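The values are calculated or read from the model by the stated rules, or taken from the named source; none is laboratory data. Given the structure is predicted, the values throughout are model-derived calculations rather than measurements. Cβ coordinates were reconstructed from backbone atoms using ideal geometry, including for glycine residues, and neighbour counts include every protein chain displayed. Please note that ligands, DNA and RNA were not included when accessible areas were found on the heavy atoms of the full protein model with its side chains. Shrake-Rupley method; radii C 1.70, N 1.55, O 1.52, S 1.80 Å.
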Amino acid sequence: MVRVLVITGAGVSAESGIPTFRGKDGYWRNLDPIKLATSEAFARDPELVWQWYSERRQRIRNAQPNAGHEAIARLAQRADEFLLVTQNVDDLHERAGLAKAEMVQIHGDIFLTKCSRCGFEQEQEHEQEQNGVPRCIKCDALMRPGVVWFGEPLPLREAQRVENYLQRDSCGLVIVVGTTATFGYIIDWALRASRRGGELIEINPEETPLSRFATRLVRKPAALALPRLVDELM
Ligand code: OAD
């Protein structure tokens, strides 16, 4: 099978019980996640932001990959060349069997804790979340979750991996699933990957800015649509 690019967003984990950012379940204690996931919120109230992330970590640990994650992992095994670019900071793609080398977590990894000053990183190993705000063992500054917040640049090395994949060749198949495609780079990558007549499939119950470029629209939830699509493609 062809060269494949899959791009996922929060919608692919929705059926595993992880609330999306812009969906109605996204609010936490009446707070908008779009405002919590910012360096301004962290500067104002780091403890509050950490509580939100600790709860999200716990929820992700208790969640299971769904049929959508599993279908993507199956597709990866069949493709000549494969890359997943996910905006999700959870580990559900990996737990569904996708190798780290086949995926780019472009918005970071929620289980990483990194220093807000010197960048020192630690993997969160404990089942038990810390209370309060952890401090860096190297420089004593506040530690923060290893995710990309609004307005922050993408991690250079990860963005470069996407660029390398796109530059090497175009893709015969591009699937974009469960994202509002709010960020220009998501649309840009999908269009560049499919530039030489590749199929561009969007799976999303709702319309997005990418919809008008898609060669095929599937207005169904990911855990239903992805297994069907992957079966069909195989
Ligand atoms: P959003 O919460 O913006 O959008 C979720 C999308 O998934 C919407 O388009 C829904 O229609 C769709 N959706 C909901 N349930 C679905 C289902 N069962 N199957 C398929 N699709 C479904 O999440 P993202 O687009 O991922 O970034 O958000 C992008 C980024 O904005 C996030 O990574 C995060 C966020 O703020 C940062 O924190 C930098």
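Which condition number in (1) in contact with a Phe, Trp or Tyr (Cβ under 6 Å, 6 or more places away or on another chain); (2) open to solvent by 40 Å² or more (accessible area, probe 1.4 Å) is the one that Gln167 fails?
Of (1) in contact with a Phe, Trp or Tyr (Cβ under 6 Å, 6 or more places away or on another chain); (2) open to solvent by 40 Å² or more (accessible area, probe 1.4 Å), only one is false for Gln167: (1).
Taking the criterion of being more than 10 Å from the ligand (Cβ to nearest atom) and closer than 30 Å to Ser194 by Cα, would at least one residue in segment 43-66 satisfy it?
Going residue by residue through segment 43-66, those that are more than 10 Å from the ligand (Cβ to nearest atom) are 43-65.
Next, from what is left, pick out any that are closer than 30 Å to Ser194 by Cα: 65.
Yes, segment 43-66 contains a residue that is more than 10 Å from the ligand (Cβ to nearest atom) and closer than 30 Å to Ser194 by Cα.
Take the residues of segment 22-40 that are touching a residue at least 60 places away in the same chain (Cβ under 8 Å) and near the ligand (Cβ under 9 Å from one of its atoms): which is surrounded by the most Cβ atoms within 10 Å (Cβ to Cβ)? If you could, list the steps in order and put the result at the bottom.
Just the residues of segment 22-40 that are touching a residue at least 60 places away in the same chain (Cβ under 8 Å), to begin with: 22, 34, 37-39.
In the following step, the residues that additionally are near the ligand (Cβ under 9 Å from one of its atoms) were identified as 22, 34, 37-38.
On the way: Arg22: 15, Ile34: 14, Ala37: 21, Thr38: 16.
Here the answer is Ala37.
Of all residues being more than 9 Å from the ligand (Cβ to nearest atom) and open to solvent by less than 60 Å² (accessible area, probe 1.4 Å) in segment 203-217, which is nearest to Thr182 (Cα to Cα)? Just the residue, please.
Taking segment 203-217 as the starting set, the residues that turn out to be more than 9 Å from the ligand (Cβ to nearest atom) are 209-217.
Of the ones still in play, those that are also open to solvent by less than 60 Å² (accessible area, probe 1.4 Å) are 210-211, 214.
Numbers: Leu210: 9, Ser211: 12, Ala214: 16 Å.
Top of the filtered list is Leu210.
Any residue at all in segment 15-32 that's at pLDDT 95 or above and part of a helix (DSSP H, G or I)?
There is no residue in segment 15-32 that is at pLDDT 95 or above and part of a helix (DSSP H, G or I).
What number of residues in segment 98-128 are touching a residue at least 24 places away in the same chain (Cβ under 8 Å), surrounded by 15 or more Cβ atoms within 10 Å (Cβ to Cβ) and not β-branched (Val, Ile, Thr)?
As a first pass, look at segment 98-128 and keep what is touching a residue at least 24 places away in the same chain (Cβ under 8 Å): 98, 102, 104-117, 121, 124, 127.
Now narrow it down to the ones that are surrounded by 15 or more Cβ atoms within 10 Å (Cβ to Cβ): 98, 102, 104-116, 124.
Add one more test, that the residue is not β-branched (Val, Ile, Thr), and what stays is 98, 102, 105, 107-109, 111-112, 114-116, 124.
Residues that pass the stated criteria total 12.
If you go through segment 136-154, how many residues are within 11 Å of the ligand (Cβ to nearest atom) and either open to solvent by less than 50 Å² (accessible area, probe 1.4 Å) or not in a loop (DSSP other than H, G, I, E, B) (or both)?
Adding up the residues that qualify gives 5.
Consider only pairs whose beta carbons are under 6 Å apart and that are at least six residues apart or on different chains; among these, list those whose first residue lies in segment 211-234 and is over 19 Å from Gln64 (Cβ atoms) and whose second residue is assigned to a strand (DSSP E or B) and open to solvent by less than 80 Å² (accessible area, probe 1.4 Å).
From segment 211-234, the pairs are Ser211/Glu202; Ala214/Leu200; Ala214/Glu202; Thr215/Glu199; Thr215/Leu200; Arg216/Ile201; Leu217/Glu202; Val218/Ile203.
Name the residues in segment 182-197 that are in contact with a strand residue (DSSP E or B) (Cβ under 7 Å, 6 or more places away or on another chain) and either within 19 Å of Ile34 (Cβ to Cβ) or surrounded by fewer than 21 Cβ atoms within 10 Å (Cβ to Cβ) (or both), would you? So that I can check it myself, show each step before the final result.
Filtering segment 182-197 for residues in contact with a strand residue (DSSP E or B) (Cβ under 7 Å, 6 or more places away or on another chain) gives 186, 189-190, 193-194.
Across segment 182-197, the qualifying residue is only Ile186.
Output the residues belonging to segment 2-14 that are open to solvent by 40 Å² or more (accessible area, probe 1.4 Å) and either part of a loop (DSSP other than H, G, I, E, B) or modelled with pLDDT under 95 (or both).
Filtering segment 2-14 down to residues open to solvent by 40 Å² or more (accessible area, probe 1.4 Å) leaves 2, 14.
Val2, the sole residue that qualifies.
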